[in-house]
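Remarks on the structure that follows.
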Amino acid sequence: MNDHERTGTVLVGYDGSPVADEALRWGVREARLRRLPLTVCHAWHWPYPLRQPDNDTLEVLRGAGAIVADEGVRKAHGLAEDLEVRWRLERGWASAVLLEASRDAALVVLGSRGHGGFEGLSVGSTAVQVASHADRPVVVVRPEPPSSPQGRERLVVGVDGSAGGESAIGFAFEEAALRGASVTAVCSWWDPAAFREPDRVPFSDPEMIRREAMARFEEDVAPWRSRYPRVSLETEFVVDTPRQALIGAARGAALLVMGARGIGSGPQTLLGPVTQAALQEALSPVVVVPAHGAGRRGPAQTAGASARGATG
């Protein structure tokens, strides 16, 4: 854990919705595990684009926001009386307020959707925008907590050799060590011989490419296995699309850990397509981890088009 993480806070976006309450429970647990204070953040704004409100109206809106933030603080204290809980109330759109507040955070925890949006919406714009732009890990929590598995919790992480994937592995092992959980590292591989023309890649020995990709995958996770010898690690090398491999592996997991983008994403991409799919489709909470530093060559880069990483 770096110096910033030791001195930061766990930031929870709170709007009083049921999924915000679930995010609050997550945030309280993370703050206690990391021995950090919790910050409950609520954003309020004038919701109409045309008429400018007068000061009295703004004060009423701010007062309503203060009630919501205070309720979040009260609930957090109810979950952990000994926890230091702060509150932050700002005028502005939720994503902008949370991104500004995240500069002082070690971790950001959000509900997948708040009071806004439409019925059936799996993930709201605030969660996507914050996960796309934040330079801190962002946990997106579902309305209903996953059913508690018997025994040790299991965390799933996507690995593809990218900088985002490397950061995701580091977060997964650190989180598993804090929780006493196990880690399942997943890498997907597509068999080029299974492609139809003109997508088929003219490799003379697909099996050799598969073995090389698997070896690179094991190399990617080996340093973390050595650094965290008490964390149980299982590796899954899956012949499937990255999206299907990860979402399938995450069934029943306590957390799915993703890099913001993987090796298949362009340099201007903020959030890779696999990560976007996980936010929309995974039943477990998802944490999006930004890349820090350059990643080395991993399975997908080694094997070219035959091996596709599973982070973004």
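The values are calculated or read from the model by the stated rules, or taken from the named source; none is laboratory data. Nothing here was measured: the structure is a model prediction, and the numbers come from that model. Note that we place each Cβ from the backbone using ideal geometry, even for glycine, and neighbour counts take in every protein chain shown. With ligands, DNA and RNA removed, areas are computed over all heavy atoms of the protein, side chains included. Shrake-Rupley method; radii C 1.70, N 1.55, O 1.52, S 1.80 Å.
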Subject >> Members of the range 16-32 found to be open to solvent by less than 10 Å² (accessible area, probe 1.4 Å), out of contact with any Gly (no Cβ under 8 Å at 6 or more places or on another chain) and not aliphatic (A, V, I, L, M), listed by number >> reply: 27, 30
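Would you check which residues across the range 150-165 are outside any loop (DSSP other than H, G, I, E, B) and modelled with pLDDT of 90 or more and list them?
Applying the first criterion (outside any loop (DSSP other than H, G, I, E, B)) to the range 150-165 yields 154-158, 163-165.
Those that are outside any loop (DSSP other than H, G, I, E, B) and modelled with pLDDT of 90 or more: 154, 155, 156, 157, 158.
Starting from residues that are assigned to a helix (DSSP H, G or I) and open to solvent by 10 Å² or more (accessible area, probe 1.4 Å), keep the ones in the range 180-194 and report whichever is modelled with the lowest pLDDT.
Step one: of the range 180-194, the residues assigned to a helix (DSSP H, G or I) are 192-194.
Now drop any that are not open to solvent by 10 Å² or more (accessible area, probe 1.4 Å), which leaves 193-194.
Numbers: 193: 51, 194: 47.
Going through the qualifying residues, I end up with 194.
If a residue counts only when it is open to solvent by less than 60 Å² (accessible area, probe 1.4 Å), within 19 Å of residue 130 (Cβ to Cβ) and at pLDDT 90 or above, which strands (runs of 3 or more DSSP E) contained entirely in the range 195-305 have at least 1 such residues?
Strands (runs of 3 or more DSSP E) meeting the threshold: 255-259, 286-289.
Test residue 47 against the criterion of being touching a helix residue (DSSP H, G or I) at 6+ places or on another chain (Cβ under 8 Å) and surrounded by fewer than 15 Cβ atoms within 10 Å (Cβ to Cβ), and give yes or no.
Working: touching a helix residue (DSSP H, G or I) at 6+ places or on another chain (Cβ under 8 Å): no; surrounded by fewer than 15 Cβ atoms within 10 Å (Cβ to Cβ): yes.
Criteria not met by residue 47.
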Original post:
Failed condition for residue 9, given (1) in contact with a helix residue (DSSP H, G or I) (Cβ under 7 Å, 6 or more places away or on another chain); (2) within 12 Å of residue 110 (Cα to Cα), with all others met?
Top reply: (2)
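What residue, of 70, 82, is free of Cβ contacts under 8 Å to residues at least 24 places away in the same chain, more than 26 Å from the chain's Cα centre (by Cα) and surrounded by 14 or more Cβ atoms within 10 Å (Cβ to Cβ)? I'd like the intermediate steps shown before the answer.
Working: 82 fails: surrounded by 14 or more Cβ atoms within 10 Å (Cβ to Cβ).
Going through 70, 82 in turn, just one is free of Cβ contacts under 8 Å to residues at least 24 places away in the same chain, more than 26 Å from the chain's Cα centre (by Cα) and surrounded by 14 or more Cβ atoms within 10 Å (Cβ to Cβ): 70.
So which strands (runs of 3 or more DSSP E) are wholly in the range 26-132 and hold at least 1 residues that are of a type in the set (A, V, I, L, M, F, W, C), within 21 Å of residue 256 (Cα to Cα) and modelled with pLDDT under 90?
Details: elements: 38-44, 85-91, 105-111.
Result: empty, no element qualifies.
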Original post:
Residue check: is residue 35 surrounded by 12 or more Cβ atoms within 10 Å (Cβ to Cβ) and basic (Lys, Arg)?
Top reply: no
Subject >> Which numbered condition residue 35 fails, given (1) on the phi > 0 side of the Ramachandran plot; (2) touching a strand residue (DSSP E or B) at 6+ places or on another chain (Cβ under 7 Å) >> reply: (2)
